[in-house]
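Okay, so here's the structure we're looking at.
The values are calculated or read from the model by the stated rules, or taken from the named source; none is laboratory data. None of the values given here were measured: they were computed from a predicted structure. Glycine gets a Cβ as well: all are built from the backbone with ideal geometry, and neighbour counts include every protein chain shown. Areas reflect the complete protein model, heavy atoms only, side chains present, ligands, DNA and RNA absent. Shrake-Rupley method; radii C 1.70, N 1.55, O 1.52, S 1.80 Å.
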Amino acid sequence: MRIGYTLMTEQAGPNDLVRFAAGADQAGFDFEVMSDHYSPWLAEQGHAPYAWSVLGAVTQSTERVELMTYVTCPTMRYHPAVVAQKAATVQALSGGRFTLGLGAGENLNEHVVGRGWPPANVRHDMLAEAVQIIGGLFDGGYFDYEGKHFRVDSAKLWDLPEKRIPIGVAVSGSQSVKRFAPVADVMIAVEPKAELSSEWDATKLGGAPSRKVGQLPVSWGTDRDAAVKRAHEQFRWFAGGWKVNAELPGPSGFAGATQFVREDDVAGSIPCGPDVEPIVESVREFEKAGFTDVALVQIGGDQQDGFLDFAEKELLPALRG
């Protein structure tokens, strides 16, 4: 299994993120994923730099690790033709190390452009059109498109990298798997559900197993009580599930919706404290569910340096052993 590191834009500024990326590369992580947010989930997290500018810098501060957006919504804040251009640029800068992770988005980030927030079925329709557009531009040459939600008029990527950019799509259930498995290279999901993996492989063209990337939040720290408190302060929004998380419009909404989430609730779902084994056990759940990759999220922007040292010396050897 490949183990990745999450550059979480909601909890660190741009300069720190670039530094963490270099540290994770040196620590031995296999890949790095980056969130793409306009707002943090909770005010306590306190950050939201522009992910694509940071990614450009990360391509130069890292040498070996693969890079991925986890995930970009290519339908409202960004037109899909512009997402294709950004992805092609990052692929060229990184020397072919980039995977474009896409998703249907969250109200938290997309409402800022004043277009409202459509229902889930419309968001999936928009995402399906966006994947068609991005794939068409990746094919090279001039591209035209007219759909229900998007139009592209004689667009061309002038700096198309030699290596085609793989496309990953975030899924949460059978409906999204059936829709996107035939047109995507990589499955992205945050819950270790075996049914997602098996249906994804069965639905893909040719039925061949493919890359499946999960994500696991952890709150490492030498003081377990402090680690639990930090996880509760900054990551209690995670308890809502994606059907809820996609709909709330801002950090104050997430604060209100999670006001009754207890520290014990968070500690029951997120490995907290100094020990390796709880993290290993949680990663094993993804492995059992058929995932090929897991990206770890260390909670707390001020906790990354210690976590990277712990990962290099203890965690990564344990996971690979």
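If the only charges are +1 at each Lys and Arg Cβ and -1 at each Asp and Glu Cβ, what is the size of the charge dipole of the stretch 153-290 around the Cα centre, to the nearest 20 debye?
On the way: 17 positive and 20 negative charges, 96 e Å.
The dipole of the stretch 153-290 has a size of about 460 debye.
May I ask you to give the percent of accessible area on the stretch 182-228 that is carbon plus sulfur, with a probe radius of 1.4 Å?
Result for the stretch 182-228: 55 percent of the exposed heavy-atom area is carbon or sulfur.
Within the straight-line cut-off of under 29 Å between alpha carbons, the lysines reachable from K163 are K86, K178, K204, K212, sequence neighbours fewer than 8 places apart in one chain being disregarded.
Highest mean packing first, where packing is the average number of other Cβ atoms within 10 Å per residue, the peptides 199-206, 111-118, 212-219, 266-273 line up as 212-219, 266-273, 199-206, 111-118.
Going toward the positive end of the dipole of the stretch 1-83, with +1 on Lys and Arg Cβ and -1 on Asp and Glu Cβ, which of S39, P80, A21 do you reach last? About the Cα centre, the residue reaching furthest to the positive side is P80. Amide H to amide H, with H built 1.01 Å from N, A295 comes under 5 Å of G4, G214, Q215, L216, counting only residues 5 or more places away or on other chains. Per residue, the stretch 221-321 exposes 49 Å² of accessible surface when a 1.4 Å probe is rolled over the protein heavy atoms with every protein chain present. Summary of packing: across the peptides 31-38, 97-104, 258-265, the per-residue average of other C-beta atoms within 10 Å ranks them, highest first, as 97-104, 31-38, 258-265. For the stretch 202-217, the Karplus equation 6.51 cos²θ - 1.76 cosθ + 1.60, evaluated at θ = phi - 60°, returns couplings of 5, 8, 4, 4, x, x, 7, x, 9, 5, 9, 10, x, 9, 10, x Hz by residue, with Gly and Pro reported as x. Remark on F98: its backbone amide H falls under 5 Å from those of L67, a criterion applied only to residues 5 or more positions apart or on other chains, H modelled at 1.01 Å from N. Apolar share of the accessible surface for the stretch 1-159: 47 percent from carbon plus sulfur atoms, 1.4 Å probe. Using a Gaussian network model of the chain with C-alpha springs under 10 Å, which one of V152, V183, V90 is most mobile by mean-square fluctuation? Highest fluctuation of the listed residues: V152.
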